[in-house]
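The values are calculated or read from the model by the stated rules, or taken from the named source; none is laboratory data. Treat the numbers as computed from the prediction; the structure is a model and nothing was measured. Neighbour counts run over all protein chains shown; Cβ positions are idealised from the backbone, glycine included.
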Amino acid sequence: MMTSKRKAGITILLSFLLGTVAGILVDQAFLRSALRPSRPSSRYEAFKGRMLKELQLSVLQQEQLEDLMNRRQAVFDEFRKSVQTKYMEMREATRDSIRSLLTPAQLAKFEDLVKEFETARRREEKRK
């Protein structure tokens, strides 16, 4: 039978070992991320960086390009938002049409299917 002092000693030793292992793993994760070359935040940034590098633009051209790309990016962002809004409206209208065809029992199952689909879609978006 173990004494209380021995149990306490083992507990302290295990806690120390687990803390050390956890510290090493966290440290390695930070080192890997710190040493990993930084990637542009988007394809837009990657393209812009490549143009700056490969076209050998003057400072004035770089400033003009930056201004132009920023203005165009804002326009593209607004366009994407409007398309996404329209898509969501069409999707909901389609779902409403489907709902109108279903019996109450089918409707309950349909709503479950929609929830599963949305959950899977959100999970997929998080992976990207």
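Looking for whichever is small (Gly, Ala, Ser) and either outside any helix (DSSP H, G or I) or modelled with pLDDT of 90 or more (or both) here; the options are Ala93, Ala46. Which one fits?
Testing whether each residue is small (Gly, Ala, Ser) and either outside any helix (DSSP H, G or I) or modelled with pLDDT of 90 or more (or both) leaves just Ala93.
Can you list residue pairs whose Cβ atoms sit under 6 Å apart, with the first residue in the stretch 44-69 being without any contact (Cβ under 8 Å) to a residue 40 or more places away in the chain and the second being among the aliphatic types (A, V, I, L, M)? Count only pairs 6 or more apart in sequence or on different chains.
From the stretch 44-69, the pairs are Lys48/Met69.
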